[in-house]
Amino acid sequence: MAKLKNIIKQLSQDDFQNIYDQLMQTNAEKSADLLKYMYQDQLSDTKVMKELNVNYNAYYTLRSRLNQKIEEYLLEQIENPRTDLLKKVANLNEIVFTKKRTIAITTLKKLEKELLEYDLSNELMLVYKNLKKLYISDVNYYEYSQLYNRHVAYMLDVERVETFMAEYFKKYGSYSFSLEEDEKLELILLNKEIQNIYRRYDSETSHRLYIYYSCVNVFHRLFVEAEDELTDENIEPIEDIFTNMEKIFHRFKADPIYFHLGVVLEFLRFEYYNYYKLYRKSEKFFEEVDDSIGSLLSSYNGHTYGARFLFTKLERQMRLGNMATLYEENAGLFIDFESDQQNIPQYVTYVGYRTICMYYAGKYEEAIRWLNKLLNETNLKRYPYAHLDIKLLLSVFYGILRERNLLNQCLSSMQRQVRILSKETCIHAVQLMKILKLSVTDAVYGEAIEKAEKIKSLTEKLRKTVIPPGFSLLRYLKFDDEFAQKLTYKK
């Protein structure tokens, strides 16, 4: 919500009117009215919902779609002059073959300045290629030959870094589930390789490489290699990185990649302040990232690991005591999100997040359907501890609903898994399985009291047990008296 309000406040009167007119022309009157109310900034959200005659979910969906329309409009304002420039580059041969040499050189040099402003390295390479030919008999030939060679090398390095980034965040997803040292070493090497490529260039030339390196480097220092593990003496403080990234985005406002990467910067800021428990500062960025979580998960996998935000959001809501509100808002939050089942870590995280929200909303049957679909459609053999964790959560739902047969099947399967993995590494699982097994045993009145006390005692013991690091949905359950009661008294 903060993101949308912030964008709308910065709209000029002309931009506001253009967007408003477009919405009215496409019969999106409610979106147009929402834009007007937010631009005037005179009503609270509750009063806006009343004026629009919509409930919370519909309001959330309306906000999301309005945000998308505004971003499309703003991006179009960037793209129009950029598209004209690209058309000129596409006609370079026409200029070289039909214009006099002096006019052709002047035109190409003007194009060079415009392309530098938009940081279009591929197109700059074509301009230098033609200038090099035009100066073949001139003293300037060497200068443009060097510029051409440098831009070819730079373009290839940018492409390599983009590939390494995508590999890094794909590998991180796997590492976050396994915590294997081999995968951690691969992440360290990828981060180092990106750093080495970036440092070949001066800061003026390599601002794009700086942005890409920073996206990886900050994330790496928060979630892979702690600050005290780093050996590089020239490492830049993270808050300085944020400041420099913001300056680059401001300087190259016309760059569509930077336009989109703004949400990655906000995501990293939120995670950074949350990591160091500076919660008041982190709140400045929460809503902006939260509003964009669907696109962050769908479209930014080559630039960050957005699924991490789902865990941080659960931690935040548990800290604030607002877990029960998550289920309703998810309907609007993920309305345009399509999960990718091939991206197993992200898909499992997404389904896990949704089912934890269902748990706190009491939607146990729905959660069971989601988890069974996940287990049936996803091969988790590579991540045995994550597989066990998901089955434990599924068993909790079976236990709450007293699905004795299904629970016993799950418990039998998990007992085999625990034996393979070893009880020493699965102490929390063994204790939870004892509680679940006890929850479906029959008991007469006197025994029922004893059963309730035993479940409560085992739950207190489970609460004091440390869940091993790595992927775990159970970490977001509160093993308190309410949890014990859910497994004691039939729903």
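Tabulated results
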{"quantity": "Residue 249 being in contact with a Gly (Cβ under 8 Å, 6 or more places away or on another chain) and either small (Gly, Ala, Ser) or part of a helix (DSSP H, G or I) (or both)", "calculated": "yes"}
{"quantity": "Among the candidates 356, 400, residue that is closer than 19 Å to residue 469 by Cα and either in contact with a Lys or Arg (Cβ under 6 Å, 6 or more places away or on another chain) or surrounded by 21 or more Cβ atoms within 10 Å (Cβ to Cβ) (or both)", "calculated": "356"}
{"quantity": "Some residue of region 1-9 being at pLDDT below 80, more than 18 Å from residue 291 (Cβ to Cβ), surrounded by fewer than 14 Cβ atoms within 10 Å (Cβ to Cβ) and not β-branched (Val, Ile, Thr)", "calculated": "no"}
{"quantity": "Considering residues of region 315-353 that are polar (S, T, N, Q) and within 21 Å of residue 386 (Cα to Cα) only, the residue surrounded by the most Cβ atoms within 10 Å (Cβ to Cβ)", "calculated": "349"}
{"quantity": "Unique residue being out of contact with any strand residue (DSSP E or B) (no Cβ under 7 Å at 6 or more places or on another chain), surrounded by 14 or more Cβ atoms within 10 Å (Cβ to Cβ), of a type in the set (Ser, Thr, Tyr) and touching a residue at least 24 places away in the same chain (Cβ under 8 Å) when the list is 20, 73, 37", "calculated": "73"}
{"quantity": "Selection count where residues are touching a Ser or Thr at 6+ places or on another chain (Cβ under 7 Å), in a helix (DSSP H, G or I) and over 16 Å from residue 286 (Cα atoms), scope region 302-354", "calculated": "6"}
{"quantity": "Candidate set: region 271-289, residues that are charged (D, E, K, R) and surrounded by 20 or more Cβ atoms within 10 Å (Cβ to Cβ); chosen: the one farthest from residue 242 (Cα to Cα)", "calculated": "288"}
{"quantity": "Every pair of residues 6+ apart whose Cβ atoms lie under 7 Å, when the first sits in region 236-257 and is within 12 Å of residue 208 (Cα to Cα) while the second is outside any helix (DSSP H, G or I) and of a type outside the set (S, T, N, Q)", "calculated": "252/119; 255/119"}
{"quantity": "Candidate set: region 194-225, residues that are part of a loop (DSSP other than H, G, I, E, B) and not small (Gly, Ala, Ser); chosen: the one modelled with the highest pLDDT", "calculated": "224"}
{"quantity": "In region 23-48, residue modelled with the lowest pLDDT [restricted to those that are out of contact with any helix residue (DSSP H, G or I) (no Cβ under 7 Å at 6 or more places or on another chain) and of a type outside the set (D, E, K, R)]", "calculated": "42"}
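Listed here are the residues, each with its yes/no results for (1) under 30 Å from residue 307 (Cα atoms); (2) over 36 Å from the mean Cα position of the chain (by Cα); (3) in a loop (DSSP other than H, G, I, E, B).
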position: 451; (1), (2), (3): no, yes, no
position: 454; (1), (2), (3): no, yes, no
position: 457; (1), (2), (3): no, yes, no
position: 462; (1), (2), (3): yes, no, no
position: 465; (1), (2), (3): yes, no, yes
position: 468; (1), (2), (3): yes, no, yes
position: 472; (1), (2), (3): yes, no, yes
position: 478; (1), (2), (3): yes, no, yes
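Condition check ((1) β-branched (Val, Ile, Thr); (2) modelled with pLDDT under 85) across all residues:
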position	(1), (2)
65	no, yes
74	no, yes
78	yes, yes
85	no, yes
95	yes, no
101	no, no
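The values are calculated or read from the model by the stated rules, or taken from the named source; none is laboratory data. Everything numeric in this text was worked out from a predicted model, so none of it was measured. Cβ: placed from backbone, ideal geometry, glycine included. Neighbour counts: every protein chain shown.
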